[in-house]
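Asker: Before anything else, here's the structure in question.
None of the figures in this text is laboratory data; all of them are computed from the coordinates on show. Keep in mind it's a predicted model, so treat the numbers as computed, not measured. Cβ atoms come from the backbone with ideal geometry, glycine included; neighbour counts cover every protein chain shown.
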């Protein structure tokens, strides 16, 4: 595998070949130097470092390469924040921020604050060529170009088509889209922040978008707090390219949004307490005392006591009276009113039959039977 002439340093070789081949090269170089290989054919002893020295230097370079993180941390962004920027140079990006706000409805101060946080308004050394020191991102807004077949830059590189490109602005490239063109990069950042939930206000949506712009880890919380604090300071006091961060605002945004996310990441979210159930013992104190063969104090040895001791322990447990459920009085159901029979006129009593004349009455004299003198009808 041929390496370019400019890639002569050990870290560069390690990035080209990988960590495994680099370790083999370091081991072979150390062994060759220790055995004295590579001396000139004239036989004169060339002044060169000893074998252990070369191995130590190669190992330190290899360890530094392996220990490099893939993204910048607090020290890296603190160094970017301390970089001084010319006020006129920073003001030249304001039309680009406002055009991104007009198209994507994202607060222009949020975009400008991320621009300041990442490359100090495109003044970092690797802004317009190559990748950053961590080998993942490039351009003024530091878009990731290594995260998958379809990187973040590939997804948002055509966002500039929705806006109007200014006639003059810092570092305009010949072809578009270009990750090193300030307009293309700022428009892509506005589209990314809009998809992440940012709007025209510096609220929770803007904080979440800044948090996602860096990455979902603990330093991403600090990153979002600093970006929102800087943007809020510009809203309150006006745009200032070299003004420092307000620690009070950083703490305010951390308390409002960052603390809850940090608890979720560290797993220190308070959990509801579970009520412990009391475990009842299998034997009570009375059962342990009333074991068979043991007599209670103050009792004689009469037949009743001996019979009580011979009973199993479970039978000596005082029995509880079964609870009798009292029947609740039920309300009497209303009785229907009695139905009255239709009133009928009382029947007239039939006339008594004619009395017969018995023997005694014949002796006393029976009255003659009455005859009906009325003519038949």
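Asker: Against the globular-protein guess of 2.2 N^0.38 Å, express the Cα radius of gyration of segment 119-227 as a ratio, rounded to two decimals.
Answerer: Cα-based Rg divided by the globular estimate yields 1.06.
Asker: Which of 118, 101 has the fewest other C-beta atoms within 10 Å, and how do the rest follow up to the most?
Answerer: Starting with the residue having the fewest Cβ neighbours, the order is 101, 118.
Asker: To continue, here is another question. Test of understanding: what is the full-extension gain from residue 203 to residue 265, defined as 0.36 nm times their sequence separation minus their Cα-Cα distance?
Answerer: The span from residue 203 to residue 265 would gain 20.2 nm if fully extended.
Asker: Determine, from the Cβ-Cβ distance of residue 79 and residue 164 and an R0 of 25 Å, the FRET efficiency 1/(1 + (r/R0)^6), rounded to the nearest 0.05.
Answerer: Here the calculated transfer efficiency is 0.10.
Asker: Within a 10 angstrom radius of the beta carbon, how do 151, 122 rank from fewest other beta carbons to most?
Answerer: The fewest-first ordering by Cβ neighbours comes to 151, 122.
Asker: Something else: Where does the Debye-calculated log10 I(q)/I(0) of segment 74-266 sit at q = 0.13 Å⁻¹, using only Cα point scatterers of equal weight, no solvent?
Answerer: -0.63
Asker: Under a crude label model (7 Å from the Cα following the beta-carbon direction), how far is residue 91 from residue 245 in nanometres?
Answerer: The answer from the label model is 2.7 nm.
Asker: Going by how many other Cβ atoms sit within 10 Å of their own, how do 216, 115 line up, fewest first?
Answerer: 216, 115
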